[in-house]
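Undergrad: One structure, as structure tokens, below. Some questions next.
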Amino acid sequence: MLAHLATGGGKTVIFSELPKLLAARRTLVVAHREELLKQAQSKLQDAGLAAELEQASNKASSTCPVVVASIQSLNANGRLYKFSPYEFDLIVIDECHHAAAKSYLRIVDYFSKAVVVGFTATPYRSDEADLLEVFTDGVVFSMGMEELTHQGFLAPIHKIERIVPSLDAPHVLQVYKELAPGQKTIVFCHDVDHSMQVARRFNDDGIKTAFIHGGMAKKEREETLQQYSKNGIKVLANCNVLTEGYDEPSVQCVMLARNTDSRGLYEQMIGRGTRLHAGKTHLKVIELSVAPPVTQTPRMPLEGSYELPGGFYEQPSYRPAGNFMHQAQEAVWMLVVFALLIGSFVGLGYAIRHCNQELRGTSKPAPTIMTPVVKEKKNGRNRHRAGRSKAKLRRNIKTSF
């Protein structure tokens, strides 16, 4: 079964109560990052349960009621098979949107008799893999960010969208100084080099800033996060680290200086600042987007234009992809209508000319369905003769008028 709870909603606290509620003899908690493992162990211990780590050099004893294990360690060197398939009554998968991966499926299949419960803030994947193939009992509980905020469990979000010439560090700094000066902020950057440039530029401007990324040494990363927690650092320029399992309620502002098409990643980034904290009235989210090149600088603002530094940017009018066929159909219909109009005028001209010739007695009527053709031989040649005489036709026309 799967439980959906937005970031900051208390997933770890909730699943820490499950072993007691379900009277599980022994429980396995699985996660993919060290921060998540330590967080789970801490919450389980707060709930009065003895929890031991099964990760790298840490090995859980055979008697502890809860094992908190790294998915990487369980899949390495046959470590999974030190446990009996019937070892655990309950398996909890934290951040279970990863559970469609083969490494997780191997665990679920091995402990096939256990109850499996997954917890996530983002129950969707960019590869559209179906999580319900893993959690076959479906979604048993769901509460998103909007509902949790409405009930007062998360800080309200104040979102600001800002168009900038580029996502380079100077423009990121300019927006921060304008919209969130002095606020404790996480800046999400698109790569490691970008995070370093942002940190350098902020520090040059007197704002205490540090960068953090997955390639840093473990000790260095922990020290950086500790300084940020104690307000020794005002801004963190982050690259692909603080998207899952990072819990710092004092964050006041989140800046998105990168693009993403992933709904899950987008919600995870915003969720780093939604937790409640003393004196925190709301979370400010600043979303930066790059303006397309300025194609012209008109003397007067154009309809649908945006005023930007350096001139006006006219939003181009365009049709959605796939309208080529629509345009072709329009062209064909225009040609058909044009042809019908031309045909109508030509036909009208012929009709007027024909009537005029009949009235004058000079017409040479062509054979029609109403005037059957009779062939006769005259002067050695075949000639066509209409079924009606010209004189009779003239009388009929005059009578009709």
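The values are calculated or read from the model by the stated rules, or taken from the named source; none is laboratory data. Everything numeric here is computed off the predicted structure, so don't read it as measured data. Methodologically, a virtual Cβ is constructed for each residue, glycine included, from the backbone with ideal geometry; neighbour enumeration extends over all protein chains shown.
Undergrad: Confirm whether E147 is at pLDDT 90 or above, of a type in the set (D, E, K, R) and not in a strand (DSSP E or B).
TA: Against the criterion (at pLDDT 90 or above, of a type in the set (D, E, K, R) and not in a strand (DSSP E or B)), E147 does not qualify.
Undergrad: Do the conditions hold for F135, that is, is it aromatic (F, W, Y), surrounded by 13 or more Cβ atoms within 10 Å (Cβ to Cβ), closer than 30 Å to D94 by Cα and under 25 Å from the mean Cα position of the chain (by Cα)?
TA: Answer is yes for this residue.
Undergrad: Which members of segment 259-285 meet the condition of being without any contact (Cβ under 8 Å) to a residue 12 or more places away in the chain and aliphatic (A, V, I, L, M)?
TA: Residue satisfying the conditions is A278 alone.
Undergrad: Being free of Cβ contacts under 8 Å to residues at least 12 places away in the same chain and either among the charged types (D, E, K, R) or in contact with a strand residue (DSSP E or B) (Cβ under 7 Å, 6 or more places away or on another chain) (or both) is the filter here; which residues of segment 39-50 pass it?
TA: Within segment 39-50, Q45 is the sole residue that qualifies.
Undergrad: Which is farther than 23 Å from E248 by Cα and part of a strand (DSSP E or B), of L49, L28?
TA: One residue alone meets the criteria, L28.
Undergrad: Shifting gears a bit: Quick check, is T122 buried (at least 17 other Cβ atoms within 10 Å of the Cβ) and in a helix (DSSP H, G or I)?
TA: Answer is no for this residue.
Undergrad: Right, here's the next one. With respect to V140, is the statement that it is touching a residue at least 40 places away in the same chain (Cβ under 8 Å), of a type in the set (V, I, T) and surrounded by fewer than 21 Cβ atoms within 10 Å (Cβ to Cβ) true?
TA: Spelling it out, V140 is indeed touching a residue at least 40 places away in the same chain (Cβ under 8 Å), of a type in the set (V, I, T) and surrounded by fewer than 21 Cβ atoms within 10 Å (Cβ to Cβ).
Undergrad: Residue by residue through segment 1-32, note down the ones that are out of contact with any strand residue (DSSP E or B) (no Cβ under 8 Å at 6 or more places or on another chain) and surrounded by fewer than 20 Cβ atoms within 10 Å (Cβ to Cβ).
TA: Answer for segment 1-32, where residues must be out of contact with any strand residue (DSSP E or B) (no Cβ under 8 Å at 6 or more places or on another chain) and surrounded by fewer than 20 Cβ atoms within 10 Å (Cβ to Cβ): G10, V13, E17, K20, L21, A23, R25.
Undergrad: Let me ask something additional. Of (1) modelled with pLDDT of 85 or more; (2) within 27 Å of E147 (Cα to Cα); (3) in a loop (DSSP other than H, G, I, E, B), L44 satisfies all except one. Which?
TA: Just one mismatch for L44, condition (3).
Undergrad: With respect to the numbered conditions (1) under 30 Å from Q252 (Cβ atoms); (2) modelled with pLDDT under 90; (3) exposed (fewer than 13 other Cβ atoms within 10 Å of the Cβ); (4) of a type outside the set (F, W, Y), which one is the sole condition not fulfilled by P156?
TA: Going through (1) under 30 Å from Q252 (Cβ atoms); (2) modelled with pLDDT under 90; (3) exposed (fewer than 13 other Cβ atoms within 10 Å of the Cβ); (4) of a type outside the set (F, W, Y) one by one, P156 breaks only (2).
Undergrad: Something else about it: From the list K218, K234, K230, pick out the single residue that is surrounded by fewer than 21 Cβ atoms within 10 Å (Cβ to Cβ), modelled with pLDDT under 85, over 21 Å from G9 (Cβ atoms) and of a type in the set (K, R).
TA: From the options K218, K234, K230, the qualifying one is K218.
Undergrad: I would also like to ask the following. Considering only segment 250-269, state which residues are over 20 Å from A169 (Cα atoms), at pLDDT below 90 and not hydroxyl-bearing (S, T, Y).
TA: Within segment 250-269, D261, R263, G264, L265, E267, Q268 qualify.
Undergrad: Something else: Tell me which residues, restricted to segment 72-118, are assigned to a loop (DSSP other than H, G, I, E, B) and surrounded by 19 or more Cβ atoms within 10 Å (Cβ to Cβ).
TA: Within segment 72-118, F83, F88, E95, A99, F111, A114 qualify.
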